[in-house]
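The values are calculated or read from the model by the stated rules, or taken from the named source; none is laboratory data. Please read these numbers as outputs of a predicted model, since none were measured by experiment. Neighbour counts run over all protein chains shown; Cβ positions are idealised from the backbone, glycine included. Accessible surface is based on the protein model in full, side chains and every heavy atom, while ligands, DNA and RNA are left aside. Shrake-Rupley method; radii C 1.70, N 1.55, O 1.52, S 1.80 Å.
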Amino acid sequence: MKRKATQQQQQQQQQKLSYKWKRKVFAVILVGFCFGSLVLTQTQYTRIVSLQPRFSPKPKISFLFIARNRLPLDLFWDHFFKGEEDNFSIFVHSRPGFLFNKATTRSVYFLNRQLNDSIQIDWGEASMIEAERILLRHALSDPFNERFVFVSDSCIPLYNFSYTYNYIMSTSTSFVDSFADTKEGRYNPKMALVIPVDNWRKGSQWVVLTRKHAEAVVNDTTVFPIFQQHCRRKSLPEFWRDRSFPTDPSKEHNCIPDEHYVQTLLAHEGLEGGITRRSLTYSSWDLSSSKDRERRGWHPVTYKYSDATPMLIQSMKEIDNIYYETEYRREWCSSKGKPSACFLFARKFTRPAALRLLNMSVLGVYSSNK
């Protein structure tokens, strides 16, 4: 009886040991399975993540058009923008209430691009620079806009988009035509408390600004009010009926705000070190030999249908330096550290002139990679 009891006890102990061993084996297998599943899941997740495109938006150029109503050269710009939709944005300041729809533009790039808070602009008045500030404020709302190009409604590009983009983006500076204005009559001494004469600058309205400089223009609460108050164009006799007759017309200050504001503001804020001191937009102001009286005055020459030839465009593209008489300074143009053409855009062109260039396939010449 004792022997049987002993055998039963031994069998029970063996069964317990076997059960414990099976539990350990099962536990090891379960842990291994879980670990393997975790590794596999992590590997698959890593593969999925690595296969997802790493989208990093390319910096954009914002084109800021200032127009009276519609844009007469919209088809020319349509050709320029085509295929580059991810690399630019467009904002248009036109007269209040004007809409860019299928009835007013034949380019999809300008549809509904008008500002809803535009103002009435009077040439030679502070309303022009106010319109520029409104355009910049809208454009700055897009964080991917890194350059801001002011464009007139009579302006055309001289090169294709790729060349233009690389040229502008190749430098960290703004392109601002800026020089000391030594002519009498432009600077109003009443500005002196805020704007010393040493900070008074003149230049082209058609600037290309970096985001930093665009923000400086939008945030300005010092220089702009002074321009509104003291920088006004000289009244012309034909308008004396509508305005009070000047006491002494010879002593009026003929200050054109859009030719001074950005340049003077950047000097006032100590930001001139961040600009390339030239414009990228060509205008012809040499009117002394013009026989056409309509082409004389305060405005640059307007190129008509008969003027629009490949030779004209090529002559603009061959300009590689600009001389500033008031500073005895010659600005040699360069891009990426190499000599280059000075201008990427040109004005003023009539609609027939621009369409003639388009029909002559002059845009093909714009593919130059020089």
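Summary table
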{"quantity": "Residues (out of contact with any strand residue (DSSP E or B) (no Cβ under 9 Å at 6 or more places or on another chain), in contact (Cβ under 8 Å) with a residue 12 or more places away in the chain and over 14 Å from N69 (Cβ atoms)) located in the range 103-122", "calculated": "R106, S107, V108, N112, D117"}
{"quantity": "Condition broken by S141, with the remaining ones in (1) open to solvent by less than 20 Å² (accessible area, probe 1.4 Å); (2) at negative phi satisfied", "calculated": "(1)"}
{"quantity": "Within the range 317-333, tally of residues that are crowded, with 16+ Cβ neighbours inside 10 Å and either modelled with pLDDT of 90 or more or out of contact with any Lys or Arg (no Cβ under 8 Å at 6 or more places or on another chain) (or both)", "calculated": "3"}
{"quantity": "Given (1) in a helix (DSSP H, G or I); (2) under 22 Å from Y167 (Cβ atoms), number of the condition H138 does not satisfy", "calculated": "(2)"}
{"quantity": "Residue in the range 358-365 that is open to solvent by less than 30 Å² (accessible area, probe 1.4 Å) and either closer than 18 Å to I168 by Cβ or at pLDDT 95 or above (or both) present", "calculated": "no"}
{"quantity": "Matching option when the condition is assigned to a helix (DSSP H, G or I) and open to solvent by 20 Å² or more (accessible area, probe 1.4 Å), among R147, R133", "calculated": "R133"}
{"quantity": "Out of F63, F100, sole residue that is out of contact with any Lys or Arg (no Cβ under 9 Å at 6 or more places or on another chain) and modelled with pLDDT of 95 or more", "calculated": "F63"}
{"quantity": "Residue within the range 182-194 that is open to solvent by 10 Å² or more (accessible area, probe 1.4 Å), of a type in the set (F, W, Y) and within 12 Å of the chain's Cα centre (by Cα) present", "calculated": "no"}
{"quantity": "Number of the exception - F175 against (1) surrounded by fewer than 16 Cβ atoms within 10 Å (Cβ to Cβ); (2) among the hydrophobic types (A, V, I, L, M, F, W, C); (3) touching a strand residue (DSSP E or B) at 6+ places or on another chain (Cβ under 8 Å)", "calculated": "(1)"}
{"quantity": "Residues of the range 67-108 that turn out to be within 14 Å of F161 (Cα to Cα) and not in a strand (DSSP E or B), as a count", "calculated": "12"}
